[in-house]
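The values are calculated or read from the model by the stated rules, or taken from the named source; none is laboratory data. No experiment lies behind these values; they were computed from the predicted model shown. Heads up, the Cβs are rebuilt from the backbone with ideal geometry, glycines too, and the neighbour counts pull from every protein chain shown. What goes into the accessible areas is simple: the full protein's heavy atoms, side chains included, and nothing from ligands, DNA or RNA. Shrake-Rupley method; radii C 1.70, N 1.55, O 1.52, S 1.80 Å.
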Amino acid sequence: MSCNATKHLSHEEFLLTEHNFEENKKNIGSRKFRNTLKIEPNTKVFGTPLKLHVYNLAKQQPDTVFDAWLYRKPKRPKRLINLLSKKQVVNLRNTYIGLNERIQNAGEAPAIVDEKKIEATKTNLKAWYWNNGWFNAEIDHEVKKDSTRQLASIKYLIDTGDAFFIDSLSTDIQSKVVDSIYQSNIEKSYIKKGEQFRTTDFDVERERLTRLMRNNGIFNFKREHINFTADTIETNGKINISLRIEDLTRLQEGDSTNLGYRLKKISEVNIFTNYSIDNKDAIVTDSVHYNGYQIYSFGKQEYKPKVLTDAVFIKENQLFSERQRTQTFERFSDMRVFKYPNIQYQEDPRDETGESMIANVYLTPREKFGYTISNDVSQSNIMDFGLGFNTSLLVRNVFKGAEILELSGRGIIGSSRDAASSSDQFFNVNEIGANARLSWPKIAFPIKTDKIIANYMSPFTSLNLGFSSQQNIGLDRRNFTGSFSYAWQPRSRVSHQLDLVNVQFVNNLNLNNYFNVFGNSFSQLNNLALNYQDFIDANLFETDEDGNLSQLIIPEGADGFINQLQDGNLPLNAEENQLANSILERKDRLTENNLIIASNFVYNYSNRLNIEDQEYFQFRGKIELAGNLLAGLASSIGLEENSNNNYDLFGVQFSQYAKTELSFIKQWDFDKKRVIATRAYTGIAVPYGNANSIPFIRSFFAGGPNDNRGWQPYDLGPGKTGGVNDFNEANFKIALNAEYRFNLFGSWNSAVFIDAGNIWNVFDNVTDENAVFQGLESLGDLAVGSGFGIRYDLSFFVIRVDVGFKTYEPNPQGGDWFANYNFSNAVYNFGINYPF
């Protein structure tokens, strides 16, 4: 590998393999010198400069190499031209050159020791220390060379000297208006006495002052009018800072007249609802005055005035504010009814003092209708092959209040060997679904909420209705959903969502197919039946070729045996009795219809600046309460009690529980597409009152491409049971994930990861000690998976393949490390985008 890394170097060149930094005789890292170093060692993946090796696969001068090959034999050019044509030979040459250039671009050129680059790096390092308050820093370096292998390392020796601190701040602000605003907000300054000098503080202060002035009426304030000077002459390591803000000078009628900065007030706000290039010179045909705003339209007015004025934060008779203009931009963009608005200001000709401005908001509507249609091919543990068809219709401004109506439908036909009913047709299973969503840009509530959720928080209300139905899939489930929700953003990094009402009704139509779907439960039941076949009617069993009883008939035999278990006339021992109860409780829970009437609240905080920001943290918390209102009113509204002494609504026992989820994500960016990403997640759902268990659709599972990647979804847990059921779920979960992401070359990335987690039962009707969370000692049941992944970045999404290995498997005997750590037991996870 070493020879390959240096094979394109001349005898005088050395490959830089290491650089170190010694600050005041102490070794330090290089991370703080980000974007400062002009020469760095090649990027390494686990100690190997992989991208350099990719670069070296290419020919260094492909044009010369191709020409040398082409003319090595005198007759070769002519033969190729006769075989291909002259144009194709030229194309062949260009293809060869382009292929090698693409390989080089995917790789990384060798980091050759260059004295000029070293000196440039030292200059940048000196500038870095100067910018951070060490004005007298000295930078030296040492280069160690291995002439035999043509390798070298650099050590930078840094003597920082004493740091300089700010001793005083004086001001020279020529405008009285600007000075008044500055003095009123001086406590928020980033330039503080006693702080170490840093140029970044002055950059941030310039931005603060510019925003401050432009948000307090100084419309034409210029950032370049802010100047800082620093005096360090005979100050004994102290710095005296002087701030100077020049006044505004404007040319007027050929004379230089110092008009100075003035406070600008908005005298009028005009909103044009359907502005475009085509009608920019047209005459307004419809107008309305509403709440201090003038609303104009080129044609019939299509929008309710209030929805427009609520989105405009620029107010009449208020000082100009850049913040209000930005809020107006963002609000109209969030509404998805208009294109990005154009906001212009002009001086009011009616005001001779020049202190008034007219604000014009030009809105261009988006297309009223949007329609999409798509299809996909899928495969899952339910369907061997599936074809999906999707369609959606979007209608904007449905009721003239900037509402958006979204209608979508989905249909899947597929082939499954496990279809509920036998059929000779290839497509023997299907699923259909539809969803309707209406959203509008306000909080729809009987009383005013403006003082709690203001318009600048971008509030929205949405009404959702959904339906899906399966045929020959599992228990042929029908699912009805509905919700009434609010969403708003109180701060730039914080968002809230409140589902005032969230209703879900799950109706299982084909209960006879239960033991075909949940094969492990049937196997347990069947083995128990075979142990007591002398006590059971033989007609409940299928027989083999020899006439021996083989297995219970589904569903008649299984149901008949269950009836005998419930009658209690079989001589089961304690362990068998516990197993039978577990099978029956699980069957009852997974086949029962579910009615969930809940409310939930979601809090989300993220300091991520944009999609390119790879160093951030995010916290998400959710709390959900279900069934409390119904339970409180059950007796007064006359709900019927069932055999379990619980209440039914429309013949279905409604769920009652409290559920909470907490998630924390943290990422560190180490440059060159190297990122460490971590996540911690926990969730718990506690049944009470009208329920003694959590509905399957609201429970937790472990495993899968976005969880513990050493296990398939639903294969892990609960606890140390070993995943004996077909779909393992529980009501308490812990998940911990960490992965190191790095670039291989070009758009190809990779990662190594470790996952830990499990699910348990807690505060419900499960009695198996191996499945129940017993406190801190149960943390020893955290299953550990580890592995590696390959990711391909398509810019707009990432295709991901992760290979997970079972590293630690909890079991009743205490758990096993690396027992199945091999490719034959590995799990291959396919996903879109990153797991967290």
Scanning region 180-193 for residues that are within 15 Å of Ser242 (Cα to Cα) and touching a residue at least 24 places away in the same chain (Cβ under 8 Å) gives Tyr182, Ile191, Lys192, Lys193
Of those in region 11-20 that are touching a strand residue (DSSP E or B) at 6+ places or on another chain (Cβ under 9 Å) and open to solvent by 40 Å² or more (accessible area, probe 1.4 Å), the residue nearest to Lys116 (Cα to Cα) is Glu13
Being in contact with a His (Cβ under 8 Å, 6 or more places away or on another chain) and more than 29 Å from Gly651 (Cβ to Cβ) narrows Asn548, Asn573, Asn604, Asn577 down to just Asn604
Among strands (runs of 3 or more DSSP E) completely within region 244-302, the ones holding 2 or more residues that are at pLDDT below 85 and farther than 19 Å from Lys400 by Cβ are 250-252, 255-257
Scanning region 661-675 residue by residue, those in a strand (DSSP E or B), of a type outside the set (A, V, I, L, M, F, W, C) and either open to solvent by 50 Å² or more (accessible area, probe 1.4 Å) or farther than 17 Å from Asn600 by Cα (or both) turn out to be Lys666, Gln667, Asp669
Of those in region 609-657 that are surrounded by 15 or more Cβ atoms within 10 Å (Cβ to Cβ) and of a type in the set (D, E, K, R), the residue nearest to Asp764 (Cα to Cα) is Glu624
Only one of Phe700, Phe654, Phe696 is hydrophobic (A, V, I, L, M, F, W, C) and modelled with pLDDT under 95, namely Phe696
Going through region 757-774 in order, the residues found to be open to solvent by 20 Å² or more (accessible area, probe 1.4 Å) and over 20 Å from Ala691 (Cα atoms) are Glu769, Asn770, Gln774
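Conditions (1) surrounded by 15 or more Cβ atoms within 10 Å (Cβ to Cβ); (2) more than 21 Å from Gln301 (Cα to Cα), marked per residue:
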| residue | (1), (2) |
| --- | --- |
| Glu322 | yes, yes |
| Glu330 | yes, yes |
| Ile343 | yes, no |
| Glu347 | no, yes |
| Leu363 | yes, no |
| Glu367 | no, no |
| Asn375 | no, yes |
Those residues of region 734-755 which are open to solvent by 20 Å² or more (accessible area, probe 1.4 Å), without any contact (Cβ under 8 Å) to a residue 60 or more places away in the chain and more than 12 Å from Ile790 (Cα to Cα) amount to Ile734, Leu736, Ile754
Subset of region 21-58, residues open to solvent by 40 Å² or more (accessible area, probe 1.4 Å), part of a helix (DSSP H, G or I) and modelled with pLDDT of 90 or more, comes to Lys32, Leu57
Among residues of region 228-239 being touching a Phe, Trp or Tyr at 6+ places or on another chain (Cβ under 7 Å) and open to solvent by less than 60 Å² (accessible area, probe 1.4 Å), the residue farthest from Arg325 (Cα to Cα) is Gly237
message: Take Thr171 and tell me if it is closer than 26 Å to Glu246 by Cα, in contact with a helix residue (DSSP H, G or I) (Cβ under 8 Å, 6 or more places away or on another chain), assigned to a strand (DSSP E or B) and touching a residue at least 12 places away in the same chain (Cβ under 8 Å).
response: yes
| task | Evaluate the following for Asn737: is it at pLDDT 95 or above, closer than 22 Å to Asp669 by Cα and not aromatic (Phe, Trp, Tyr)? | result | yes
Examine region 438-452 for a residue that is within 25 Å of Ser374 (Cβ to Cβ) and in contact (Cβ under 8 Å) with a residue 40 or more places away in the chain, and state whether such a residue exists. yes
Of the residues in region 211-227 that are more than 23 Å from Ile266 (Cα to Cα) and assigned to a helix (DSSP H, G or I), the one that is most open to solvent (accessible area, probe 1.4 Å) is Glu224
Taking region 582-610 and keeping residues farther than 30 Å from Arg493 by Cα, touching a residue at least 60 places away in the same chain (Cβ under 8 Å) and of a type outside the set (Val, Ile, Thr) leaves Ser582, Glu585, Arg586, Lys587, Arg589, Leu590, Glu592, Asn593, Asn594, Leu595
Filter region 765-808 for residues that are within 30 Å of Tyr657 (Cβ to Cβ) and of a type in the set (Asp, Glu); the one that is modelled with the highest pLDDT is Asp781
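Given the residues Phe823, Phe830, which is the only one that is without any contact (Cβ under 8 Å) to a residue 40 or more places away in the chain, farther than 30 Å from Lys587 by Cβ and either surrounded by fewer than 16 Cβ atoms within 10 Å (Cβ to Cβ) or of a type in the set (Gly, Ala, Ser) (or both)?
Among Phe823, Phe830, only Phe823 is without any contact (Cβ under 8 Å) to a residue 40 or more places away in the chain, farther than 30 Å from Lys587 by Cβ and either surrounded by fewer than 16 Cβ atoms within 10 Å (Cβ to Cβ) or of a type in the set (Gly, Ala, Ser) (or both).
Which residue is farthest from Phe165 (Cα to Cα), if the candidates are limited to region 197-210 and must be open to solvent by 30 Å² or more (accessible area, probe 1.4 Å) and among the polar types (S, T, N, Q)?
Thr200
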When every residue in region 676-699 that is open to solvent by less than 10 Å² (accessible area, probe 1.4 Å) and outside any loop (DSSP other than H, G, I, E, B) is compared, the one farthest from Asn829 (Cα to Cα) is Ala685
Of those in region 441-490 that are part of a loop (DSSP other than H, G, I, E, B) and of a type in the set (Gly, Ala, Ser), the residue nearest to the chain's Cα centre (by Cα) is Ser458
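Look at Ser380 and say whether it is modelled with pLDDT under 95, under 27 Å from the mean Cα position of the chain (by Cα), open to solvent by 20 Å² or more (accessible area, probe 1.4 Å) and of a type outside the set (Phe, Trp, Tyr). Lay out the reasoning, then the answer.
On the way: modelled with pLDDT under 95: yes; under 27 Å from the mean Cα position of the chain (by Cα): yes; open to solvent by 20 Å² or more (accessible area, probe 1.4 Å): yes; of a type outside the set (Phe, Trp, Tyr): yes.
Here the answer is yes, as Ser380 does meet what is asked.
Please go through region 19-38 and pick out each residue that is of a type in the set (D, E, K, R) and either within 9 Å of Lys155 (Cβ to Cβ) or in contact with a Lys or Arg (Cβ under 8 Å, 6 or more places away or on another chain) (or both). Let's see the steps before the verdict.
Let us first name the residues in region 19-38 that are of a type in the set (D, E, K, R), namely 22-23, 25-26, 31-32, 34, 38.
Answer for region 19-38, where residues must be of a type in the set (D, E, K, R) and either within 9 Å of Lys155 (Cβ to Cβ) or in contact with a Lys or Arg (Cβ under 8 Å, 6 or more places away or on another chain) (or both): Glu22, Lys38.
Looking only at region 59-80, count how many residues are part of a loop (DSSP other than H, G, I, E, B) and either farther than 20 Å from Thr6 by Cβ or not basic (Lys, Arg) (or both).
Number of matching residues: 7.
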Checked region 809-820 for anything assigned to a strand (DSSP E or B) and either free of Cβ contacts under 8 Å to residues at least 40 places away in the same chain or surrounded by fewer than 17 Cβ atoms within 10 Å (Cβ to Cβ) (or both); matches are Asp816, Trp817
Among the residues of region 540-555, the number that are free of Cβ contacts under 8 Å to residues at least 12 places away in the same chain, open to solvent by 70 Å² or more (accessible area, probe 1.4 Å) and within 19 Å of Phe515 (Cβ to Cβ) is 1
